[in-house]
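Input: a single structure, listed below in structure tokens.
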Amino acid sequence: MTAVTSAPQAALLPRKVTPLTALRNVLTLAWRGLVQIKHNPMELVDLSIQPIMFVLLFAYVFGPSISGSVAAYLPIVIPGIIAQNALFASMSTGFGLNVDVTKGVFDRFRSLPIARTAPLLGRILADVVKQAWSMLIVLVVGIAIGFRVETGVVGVLGAFLLLLAFTLMFAWITVLVGLTASDPEKVQVFGFTAIFPLTFLSNAFVLPAEGSPGWLKTFMTDINPVSQLTSALRGLLVGGPVLEHAVVALTWGGAIAAVFIPLCLRAFRRRV
């Protein structure tokens, strides 16, 4: 009899919590997202091994052909891989949310006296930490094979902050996909059909050639937010213009967040 009545009673627990309690809920669920890594070794592969493979493959396979040598290519490709890897890492936000929703984890969260949006914000915060780890891996491997940071500690910290700010806003796209897709596989399909071409149609790996079509050069250098983010990261890590590119990248991120946050919250209320 107790088992029959406990579920309805749990569903009637108060939903309103204080801001401090809501923050604790978010941090607790963010920690849950990080602890899950030890139970899912493949996620550790995505966070660590994949960035290493990208750095080594692009540097040693494409570097001599594009820039004449690996050393000359590293200042171009390391910031580009950092930007690309961060966007792909943001897909884990949508993928993890979809798994939690489809497997009923969010249904169990609804029976707890926690902030309603804590599972959503906790997942996003955990993935921001994972993205910081991936950036650190790329930098360490790049330095090990010859990449040099020319701007010092301040430049590195600025690059970290810019990257995390942009991906935090960009992640709301993947959140919407994760909340609306019927299964996790469809979330992965979105990553390859949308994020993959967006990163390769940018200046992340190669600067536009003089013979490129005008529309392509305009998109790659002036419009694509990945190009703006990559150019700002290059400026922060190896020197060059930063402010203009960073402002454009963050403006893109702010526009994305302004459009997709309301859509995500509506999808979240409908789904859970």
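Table for the structure above
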| read-out | value |
| --- | --- |
| Net charge of Cβ neighbours under 12 Å - reference HIS245; Lys, Arg +1; Asp, Glu -1 | -1 |
| Virtual spin-label span in nm between PHE192 and LEU112, 7 Å along Cα→Cβ | 3.4 |
| Estimated 222 nm signal from helices in the chain, with DSSP H stretches of n ≥ 4 weighted -39500 (n - 2.57), rounded to 500 | -23500 deg cm²/dmol |
| The chain: angle of helix 2-11 to the longest principal axis, Cα-based, in degrees nearest 10 | 50 |
| Segment 171-272, relative contact order [Cα under 8 Å, separation at least 6], % | 32 |
| Between helix 118-144 and the chain: long-axis angle, C-alpha atoms, 0 to 90°, nearest 10 | 30 |
| Angle in degrees between helix 19-35 and the longest Cα principal axis of the chain, rounded to the nearest 10 | 60 |
| Selection of GluC sites (Glu not before Pro), segment 173-272, meeting DSSP coil and at most 13 other Cβ within 10 Å | GLU210 |
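Laboratory data are not the source of any read-out in this text; all were calculated from the coordinates shown. Fair warning: this is a prediction, and the values are worked out from it, not measured in the lab. Ideal geometry is used to build each Cβ from the backbone, glycine not excepted, and the neighbour counts take in all protein chains shown.
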